[in-house]
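> Take a look at the following structure, please.
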Amino acid sequence: MFKRSKIYVAGHAGLLGSALLRRLGSEGCGNVVTRARSVLDLTDQAQVDRFFREERPDYVFMAAGLTGGIMANKTRPAEFLHANISMQDNVFEACRRYEVKRAVFYGSSCIYPKGCPQPMKEEYLLAGPLEETSEPYAIAKIAGITACKAYNREDGVERFVALVPNSVYGPNDDFSLEGSHVLSALIRKITDAKEEGRDRVALWGSGSPLREFLFSDDAADASVFAILNARGRGHYNVGSGMEMSIRDLAKCIAGVVGYKGEITWDRSRPDGAKRKLLDSSRFATLGWRPKVTLDEGIAATCEWYSKNNSGGALCR
Ligand SMILES: NC(=O)c1ccc[n+]([C@@H]2O[C@H](COP(=O)([O-])OP(=O)(O)OC[C@H]3O[C@@H](n4cnc5c(N)ncnc54)[C@H](OP(=O)(O)O)[C@@H]3O)[C@@H](O)[C@H]2O)c1
């Protein structure tokens, strides 16, 4: 049934969207619809409505969004709030109007309160103040999760499922200095230092924060699993359970790319939260498990970056 259905992957060129295309391809799904942002701007309600009216997808993966690291969130807070709220709102309304069977929406681990107990459980949502830097982005994501619940309740149909993946990484990630998240930023800085023959590379912060990383192919696998199996109230955390300090992550990347220079830590730069680990036991009880180890995922991502960044050009 699912294999023959029409499936729309929004944001197909991004980190998660491109992994979804690989995953749906391996599943044998032959009717996957995509549109470049240049022909379908999801912040434009009329364009979104027309697209859904014409295409009538059965399933939707909402992997489009405006994402970025600490710097991008700090300098463009209004843009993060507006773009994400308008994109998700337009897609939710169209899914309802054109009776999409199931749609997956993605939240983010920054929806949980600053300093909340670890690992973070779904029930900690709205239990305290958010981390200031990512507040506009987090509030857009909280609005999205709330919308999923509200539409399902009002329509009496379990159309929307909201997943909260922890830091996703992999091929097609944003490796730009302005937009990258921690893992892609470290891969870029360390690989570039090696290629340029530098004997020292300075990384942001103290290196001590702990982070949980989820390989994009696992995030895509979890998404397909969720669209077929997840039912019931609320959102689901989706983590790998694999946690590492930024310092160990840098050492691991240096080992993979063969960088022998010194790694220094610029403590004038922000560390962010000390620890961000999701409690994903609720999703695990449905029967999903991650398949890619952190070592395998880092090696695959470093290889992709090296192949796609020749001459220092940005990967996207
Ligand atoms: N990466 C993570 O660690 C992570 C963790 C939790 C949740 N999420 C969520 O998962 C979703 C996908 O994340 P990602 O990391 O794959 O993001 P990404 O790599 O930045 O990709 C986002 C995609 O959205 C598209 N897009 C942006 N604005 C658009 C617009 N106005 N109209 C149409 N398309 C637009 C982009 O198009 P272009 O290719 O033209 O730029 C891109 O293809 C996001 O909602 C994000 O918040 C991500």
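Just so it is clear, none of the values below were taken in a lab; they were calculated from the coordinates. On a predicted model such as this, the values are computed, not experimentally measured, just so you know. For neighbour counting, all protein chains shown are included, and Cβ atoms are generated from backbone atoms with ideal geometry for every residue, glycine included.
> Work out how much length Thr285 to Met1 would gain on full extension: take 0.36 nm times their residue separation and subtract the Cα-Cα distance, in nm to one decimal.
Values: separation 284, 0.36 × 284 = 102.24 nm, distance 2.43 nm.
Full extension from Thr285 to Met1 adds 99.8 nm.
> Between Glu132 and Lys274, with labels modelled 7 Å along Cα→Cβ, what's the label distance in nm to one decimal, could you check?
Using points 7 Å along Cα→Cβ, the separation is 1.9 nm.
> Using the Cβ atoms and a cut-off under 14 Å, what net charge is assigned to the surroundings of Asp248, where Lys and Arg are +1 and Asp and Glu are -1?
Values: positive: Arg211, Arg247, Lys251, Arg275; negative: Glu212, Glu243, Asp295.
Surrounding charge for Asp248 is +1.
> Determine the relative contact order of the chain: mean sequence separation of Cα pairs under 8 Å and six or more apart, normalised by residue count, in whole percent. Each step should come with its number before you reach the end.
On the way: 586 pairs, mean separation 61.4, N = 316.
Reported relative contact order: 19 percent.
> For the chain, what is the calculated [θ] at 222 nm in deg cm²/dmol (nearest 500), taking -39500 (n - 2.57) for each run of four or more DSSP H residues and dividing by its residue count? Walk me through the numbers before you get to the answer.
Numbers: 10 runs with 131 residues, N = 316.
Using -39500 (n - 2.57) per qualifying helix, the result is -13000 deg cm²/dmol.
> Run the reach check for Lys307 against lysines, Cα to Cα strictly under 25 Å, same-chain hits fewer than 8 apart removed. What comes back?
Straight-line reach from Lys307, under 25 Å: Lys189, Lys194, Lys251, Lys260, Lys291.
> How high is the relative contact order of the stretch 30-116, in percent, counting Cα pairs under 8 Å that sit 6 or more residues apart?
Details: 64 pairs, mean separation 34.9, N = 87.
This gives 40 percent for the stretch 30-116.
> Sticking with this one: Of all the stretches in the chain, which is the longest one without any exposed loop site, taking GluC sites (Glu not before Pro) in a DSSP loop (any state but H, G, I, E, B) with at most 13 other Cβ atoms within 10 Å?
On the way: sites that count: Glu99, Glu132, Glu178, Glu196.
Answer - 197-316.
> Here's something else I'd like to know. Please give the Cα centre distance for the stretch 144-165 versus the stretch 279-312, rounded to the nearest Å.
Cα centroid of the stretch 144-165 versus Cα centroid of the stretch 279-312: 27 Å apart.
> So which trypsin sites (Lys or Arg not before Pro) in the stretch 27-106 are both in a DSSP loop and have at most 15 other Cβ atoms within 10 Å of their Cβ?
Loop-located and lightly packed - Arg37.
> Treat each spin label as a single point 7 Å out from the Cα along the C-beta direction, and report the Lys149 to His82 distance in nm.
For the pair Lys149/His82, the computed spacing is 2.9 nm.
> Reachable lysines from Lys114, Cα under 25 Å, same-chain residues fewer than 8 places away excluded?
Output for Lys114: Lys74, Lys141, Lys149, Lys274, Lys276.
> Given axes a ≥ b ≥ c from the Cα gyration tensor, I'd like to know whether the stretch 103-178 is rounded (a/c under 1.5), prolate (a/b larger than b/c) or oblate. The partial results should precede the final answer.
Values: a/c = 2.02, a/b = 1.28, b/c = 1.57.
Oblate, since a/c reaches 1.5 and b/c is not below a/b.
> What's the local net charge at Cys116, with K and R +1, D and E -1, over the other residues with C-beta under 13 Å away?
Details: positive: Lys114, Lys121, Lys274, Arg275, Lys276; negative: Glu122, Glu123, Glu131, Asp279.
Counting the neighbours of Cys116, the net charge comes to +1.
> Tell me whether the stretch 159-238 comes out rounded, prolate or oblate; compute the Cα gyration tensor, take square roots of the eigenvalues as a ≥ b ≥ c, and use a/c under 1.5 as the rounded threshold.
Judged from the Cα gyration tensor, the stretch 159-238 comes out prolate (a/c at least 1.5, a/b above b/c).
> All other residues with a Cβ under 14 Å from the Cβ of Arg50 taken together, and with Lys, Arg as +1 and Asp, Glu as -1, what is their net charge? Let's see the in-between values first.
Working: positive: Arg35, Arg53, Arg56, Arg97; negative: Asp41, Asp44, Asp49, Glu54, Glu55, Glu93.
Residues close to Arg50 contribute a combined charge of -2.
> Starting with the highest mean, order 6-14, 269-277 by the number of other Cβ atoms within 10 Å, averaged over the residues of each peptide.
Values: 6-14: 22.6, 269-277: 15.9.
So the peptides 6-14, 269-277, ranked by packing, come out 6-14, 269-277.
> How big is D, in µm² s⁻¹, for the chain by Stokes-Einstein at 10 °C and 1.306 mPa s if Rh is the Kirkwood radius over C-alpha pairs?
79
> To make sure I understand, if each residue's beta carbon is the centre and we count other beta carbons within 10 Å, what order do Thr133, Thr301 fall in, fewest to most?
Working: Thr133 19, Thr301 25.
Listed from fewest to most nearby Cβ atoms, that is Thr133, Thr301.
> Related question: Which whole DSSP H helices in the chain pass both tests: a Cα extent of 24 Å or more along the axis and a mean Kyte-Doolittle value no lower than -1.0?
Values: long enough: 77-97 (30 Å, -0.37); 135-155 (29 Å, -0.31).
Helix filter hits for the chain: 77-97, 135-155.
> Additional query: With a point put 7 Å past each Cα toward its Cβ, work out how far Asn308 is from Ser206 in nm, to one decimal.
3.4
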